[in-house]
1. Can you compute the modelled spin-label distance between residue 103 and residue 137, with each label point 7 Å from Cα toward Cβ, in nm?
2. Using only the heavy atoms of the protein chains and a 1.4 Å probe, how would 16, 123 rank by accessible area, largest first?
3. Which value, in Å² rounded to 10, gives the accessible area of residue 136 with a 1.4 Å probe and all protein chains present?
4. Using R₀ = 25 Å, calculate the FRET efficiency as 1/(1 + (r/R₀)^6) where r is the Cβ-Cβ separation of residue 93 and residue 17; round to 0.05.
5. Using a 1.4 angstrom probe with every protein chain in place, what is the largest-first accessible-area order of 104, 17, 93, 127?
6. Taking a ≥ b ≥ c as the square roots of the eigenvalues of the Cα gyration tensor of the range 63-131, is the shape rounded (a/c under 1.5), prolate (a/b larger than b/c) or oblate?
7. Could you put 63, 18 in order of accessible surface area, largest first, with the 1.4 Å probe and the full protein assembly present?
8. Using 1/(1 + (r/R0)^6) with R0 = 35 angstrom and r between the beta carbons of residue 63 and residue 7, what's the FRET efficiency to the nearest 0.05?
Amino acid sequence: NLQWKLHTPTPLDFLMRYIKILSVLMNNSINEHEDVETQKAANLESGWSVFEVARYQTELATYSTELCRHFSPSKIALASCLNAMNSVVVSTRCTVVSSSVRNRFIQKIYSLGDGFGPDGEDMIQARTILKKLCPKTITLLGKTEDDGIASSASSESVEYELPDVQSFEYDTK
């Protein structure tokens, strides 16, 4: 009946779903007293950076037999997403996602996952393995606009520093 059009979900499949949840939560957190368009642009940039940093980590996860054997694709995706949400923009020392949005994201994951969530030894272990696979900082290239025209020739890079392993126990509770 399926004509072989079936595949097991990958960490990237789960990551896409987590990013959709995160983007909805970020858009719901817009403060009406500030410039809405500026906030939407900042949320879009934050969501994009979380996705890219997390995607990089899920790709690196394929190099770890421990991750592939002992953790489901959904846990690998969640671990990489949490690491990316807690990453810091090196130039500003600010986290990519605010703690209030991160906490709402965690609550939403708990409510959808029948107790599946980001705390516990297995999640800390998965996040630690991912952190060890990654360099200390990740540089993403972004496009800048010159005279209103998007130009890929002139791009601005942003460095993201992943959270310390010691902080994993605290930032998921």
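1. 3.0 nm
2. On the way: 16 90, 123 0 Å².
The ranking, largest first, comes out as 16, 123.
3. Rounded to the nearest 10, that gives 130 Å².
4. Working: r = 30 Å, r/R0 = 1.20.
E(calc), rounded to 0.05, equals 0.25.
5. Numbers: 104 85, 17 165, 93 135, 127 0 Å².
Heavy-atom accessible area, descending, gives 17, 93, 104, 127.
6. Numbers: a/c = 2.79, a/b = 1.24, b/c = 2.26.
It is oblate, given that a/c is not under 1.5 and a/b is not larger than b/c.
7. Working: 63 175, 18 20 Å².
Listed by decreasing accessible area, they come as 63, 18.
8. Working: r = 21 Å, r/R0 = 0.60.
Using R0 = 35 Å, I get an efficiency of 0.95.
The values are calculated or read from the model by the stated rules, or taken from the named source; none is laboratory data. Note that the coordinates shown come from a computational prediction; the quantities given were computed from them, not determined experimentally. Every residue, glycine among them, receives a Cβ derived from its backbone with ideal geometry; neighbour counts consider all protein chains shown. Protein only, heavy atoms only, side chains kept; ligands, DNA and RNA dropped before computing areas. Shrake-Rupley method; radii C 1.70, N 1.55, O 1.52, S 1.80 Å.
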